[in-house]
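Heads up, the thing below is written out as structure tokens.
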Amino acid sequence: MMVFNNKIKNHIKPILLITFISLTIILVERIFADNIVHSYELFTINTRYFYYAIITLAVAFYLGGKSKVNNLLIIIFFAAIGILTIFVDKAFSVIDEGAHFDYINQIVVNYKLPTLLDSDIPTGIINHEAVQPPFYYMIMALLTFLIKDYAIRFLFIRCMGLLILFGIIFMAFKTLNILYKNNIIYLNYNETFYFVILFLMNPGILLRFTRVSNESLTVLLSSLIVYVLVKALFDCFYDKLWWICNVLLISIFLSKNTGIILITGMVIILFYQKKYIRIIQSCIVFVLGISPWFLYNFFLYHSFTGMREHLEYVIPIVNPDRVREDLVPHIINLFINYINPQETGFNVFNFTILTFVSFAIFLIVVLFSLYSMKKCYYFIKNKFKFNYERSEKEIILIILITLIIVENIFILIFASYTTFVNVLIGRYLYLSAIPLIIIGILWIQNKEEYVRKLTYIIIGLAISSGYISSIGTVLNSYVVH
């Protein structure tokens with residue numbers, strides 16, 4: 001009886017804290033209510049149901065990390081919301097969904113890839129996404145070419161995105177299992193679920209993956225590559241694994257060009273294991289694998305990508321005056337719309353929580369980056385004399401996952417600065433979802449219990465407020481274009 005009472009007390013305290021934090025933000029929101037622009041009608045600061053829903057869902061997310069049964073219930077909820085938005089949310093509700101779907105339809109109908117030079121399009125509108133590599137679109141066209149009804153084809157592809165997302169979540173746990181077996185992670189297994197929720201089951205991810213987008217396949221391939229790299233680090237980069245990694249790297253580049261950042265991960269592992277010839281061979285295989293796409297672009301656009309033509313179409317729409325934005329605030333707040341979809345609105349409650357969480361994630365990435373730089377300097381100073389012990393492999397792992405995240409951010413900064421188009425948007429960081437999960441766990445596992453609990457509470461509030469806002473937006477069919 002005493003044990004049972006203690007368990008109740010352990011749950012009651014966090015629940016009361018969730019309520020207290022929520023009420024504090026609500027009070028602030030009420031004070032500034034007249035200055036808030038509402039982006040949804042079902043849940044606004046003028047209805048108490050918004051707060052009831054947030055607090056209830058935050059409690060559910062907090063309790064979700066307490067047992068496998070609770071985890072399963074959260075996954076069922078996640079799947080249910082995904083299915084709801086697939087069938088309830090209107091077509092082309094997110095940015096570029098129509099263009100992605102049109103790309104697939106043109107392959108199905110015309111048996112060829114669309115281009116930025118097409119002049120025989122029935123709508124008269126050039127598909128600006130034709131610049132994207134074709135792998136995702138060809139797979140979806142192959143899966144749906146027998147489906148003649150456009151609406152059914154559209155819904156089928158949306159459902160495929162949700163299925164792919166569950167495949168990514170599965171790969172995340174497979175990767176974490178390797179780290180558990182090698183004693184890199186020793187946090188309570190159920191507690192790792194909070195970071196899977198934060199980085200792979202947030203409303204931003206769910207919205208993007210239940211829509212037609214090449215993002216889904218790209219992130220699935222990145223999760224497979226990260227799994228292979230982690231496995232190779234703690235086992236060995238034997239021939240079969242090496243070939244699998246090369247095929248995955250070629251596939252991800254042919255899905256989205258930004259996937260090229262993951263090739264440095266393979267170089268790091270091969271260098272660590274002193275397989276120098278394999279590094280050269282990998283580069284040759286990769287270049288040969290992606291060369292048909294480069295040659296195709298060169299034949300069409302007289303350059304290795306069609307980016308110049310793409311930008312000529314996009315810049316007059318998004319930045320006609322070609323003004324360079326101050327990128328620093330966008331970098332620091334990059335994780336806000338990683339968690340909350342950029343297509344849905346904010347109110348003070350979820351913006352306050354998300355700003356705090358985004359900044360905290362950014363700081364953790366910075367800390368891990370500094371640690372990685374320090375360890376790289378140590379390896380250089382010691383002339384790369386490795387001992388291959390568990391502790392050293394943990395350092396290599398941290399360098400590997402941190403580099404993937406930093407490269408991902410850097411490529412967005414570079415693209416934003418050089419093209420006058422701000423692409424510092426959270427959804428472009430989904431490539432780094434599993435590395436983010438790992439550094440989150442590595443950061444929290446040595447912390448005191450009260451720090452861990454507070455962190456999980458804040459994660460629950462951030463995710464729940466985002467979900468309630470998103471559901472309200474979808475049900476009201478309000479979308480920012």
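The values are calculated or read from the model by the stated rules, or taken from the named source; none is laboratory data. Every value quoted in this text rests on a predicted model; they were computed, and no experiment measured them. With ideal geometry, Cβ positions are generated from the backbone for all residues, glycine too; neighbour counts draw on all protein chains shown. The accessibility values were calculated without ligands, DNA or RNA, using every heavy atom of the protein model including side chains. Shrake-Rupley method; radii C 1.70, N 1.55, O 1.52, S 1.80 Å.
Couple of notes before you dig in:
- The convex hull around the C-alpha trace of segment 70-211, projected and averaged over every direction, spans 10.2 square nanometres.
- Expressed per residue, the C-alpha convex hull volume of segment 143-251 stands at 107 Å³.
- Extents of segment 359-418, taken as max minus min of Cα coordinates on every principal axis and listed largest first, are 41, 25, 14 Å.
- Rounded Å value of the spacing that divides the Cα centres of segment 250-314 and segment 147-202: 26
- Packing-based order for 364-374, 239-249, 154-164, using average beta carbon neighbours within 10 Å, highest first: 154-164, 239-249, 364-374
- When every Cα-Cα distance of segment 264-371 is counted in 5 angstrom steps from zero, the calculated P(r) takes the values 2, 9, 10, 10, 10, 12, 17, 16, 9, 4, 1, 0 percent.
- Scaled to the globular estimate 2.2 N^0.38 Å, the Cα spread of segment 250-312, given as radius of gyration, is 1.34.
- With N the number of residues in segment 293-447, Rg(Cα) / (2.2 N^0.38 Å) evaluates to 1.29.
- For segment 365-430, the relative contact order comes to 31 percent (Cα pairs under 8 Å, sequence separation of at least 6).
- Among the protein heavy atoms of segment 93-232, carbon and sulfur supply 67% of the accessible surface, probe 1.4 Å, non-protein parts ignored.
- Shape call, segment 366-481: gyration tensor on alpha carbons, a/c limit 1.5: oblate
- Order by protection proxy (mean Cβ within 10 Å, highest first), peptides 309-315, 68-74: 309-315, 68-74
- Ranked by the mean number of other Cβ atoms within 10 Å per residue, highest first, peptides 139-145, 384-390 order as 139-145, 384-390.
- The residues packed around Leu224, meaning those with a beta-carbon under 12 Å from its beta-carbon, carry a net charge of +2 if Lys and Arg are +1 and Asp and Glu are -1.
- Per residue value of the accessible surface for segment 400-457 (all protein chains in place, 1.4 Å probe), Å²: 35
- Per-selection metrics, segment 221-326 (Cα): Rg and Dmax in Å: 17.5, 53
- Kirkwood Rh, Cα atoms: Rg over Rh of segment 214-264: 0.97
- Just the protein heavy atoms count here, and of the accessible area of segment 360-440 at 1.4 Å, carbon and sulfur take up 70 percent.
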